[in-house]
Amino acid sequence: MTTIKAAKDVAGNVSIRNSKMPGSSFATTPTKCKTGAKLALVAGTVCHKCYALKIEKMRPSVAKGWIANYEKSKLVETNAEAWASACAFLINKAYEKTGEPYHRWFDAGDLPSLSMLMAIIMVCNKTPHIKHCLPTREAKIVKAYEAGEFPSNLVVRMSSTKVGDKPIAGYTNTNTVHRKGEAFVGHECPAYKQGNQCGECRACWSRSVANVSYKLH
């Protein structure tokens, strides 16, 4: 890739506009979540009252961008190398602009397929200087990854289904959600104490942090 426009035409948009997190992120429409779309209809689940669905309804321009990312990401089914190369180019450009070597996958949306997981792994291998975090509820897709080992700069966090659930067993790195006043497991995300921002915390990107628990808001 030689230009940001050319890369976006292939891979979609890598954003640096998420004010909560450092570095860059990639989002797709939550309406296409395999598991999350079902959980959004079930009270008590972490996807109920999904913030991303609310944002799509309030901001049509955001929805348009997330849908475009989803559609362009279908390229991973036929030409993963092209998509991964373009995405890595955009992540590197974001790093040059922000100086933050961190990337978050799916701050809206979730893994749509094993092909996408494989493509993300390709992106991670092309950006070894960037730390990647991939939270997901798509356990079947993660389990279908036969190689088993993820790149050292990628942390895949399996997210629990219900508010108050314990971390899902069998995974090295996980996410949970707890209610105010409830006990939580592992590292509590401090964002709610600091203007809904990560601040200096980088626990989500650290393999040494087994579980990150978010306070329900």
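Cβ-Cβ distances below 9 Å connect no pair with a first residue in region 140-163 that is farther than 29 Å from Val42 by Cβ and of a type in the set (Asp, Glu), a second residue that is in a strand (DSSP E or B) and open to solvent by 20 Å² or more (accessible area, probe 1.4 Å), and a separation of six or more residues or different chains. Regarding Val62, is this residue modelled with pLDDT of 95 or more and more than 14 Å from the chain's Cα centre (by Cα)? In short, no.
Among the residues of region 47-96, those that are open to solvent by 10 Å² or more (accessible area, probe 1.4 Å), free of Cβ contacts under 8 Å to residues at least 40 places away in the same chain and of a type in the set (A, V, I, L, M) comprise Leu53, Met58, Val62, Ala63, Ile67. Tell me, which residue of region 28-43 that is open to solvent by 40 Å² or more (accessible area, probe 1.4 Å) and of a type in the set (S, T, N, Q) is nearest to Gly109 (Cα to Cα)? Checked region 28-43; the qualifying residue nearest to Gly109 (Cα to Cα) is Thr31.
Filtering region 16-37 to residues that are polar (S, T, N, Q), more than 13 Å from Ala52 (Cβ to Cβ) and either touching a strand residue (DSSP E or B) at 6+ places or on another chain (Cβ under 7 Å) or at pLDDT 95 or above (or both) leaves only Ser24. The single condition among (1) farther than 28 Å from Pro151 by Cβ; (2) open to solvent by 20 Å² or more (accessible area, probe 1.4 Å) that Ala6 does not satisfy is (1).
May I ask you to list the residues in region 192-217 that are farther than 20 Å from Glu182 by Cα and of a type in the set (Lys, Arg)? The answer is Arg202, Arg207.
The values are calculated or read from the model by the stated rules, or taken from the named source; none is laboratory data. The structure presented is a predicted model; accordingly, all values stated were derived computationally and were not measured. Neighbour counts are summed over all protein chains in view; Cβ atoms, including those assigned to glycine, are modelled from backbone coordinates with ideal geometry. Note: areas computed on protein heavy atoms with side chains; ligands, DNA, RNA excluded. Shrake-Rupley method; radii C 1.70, N 1.55, O 1.52, S 1.80 Å.
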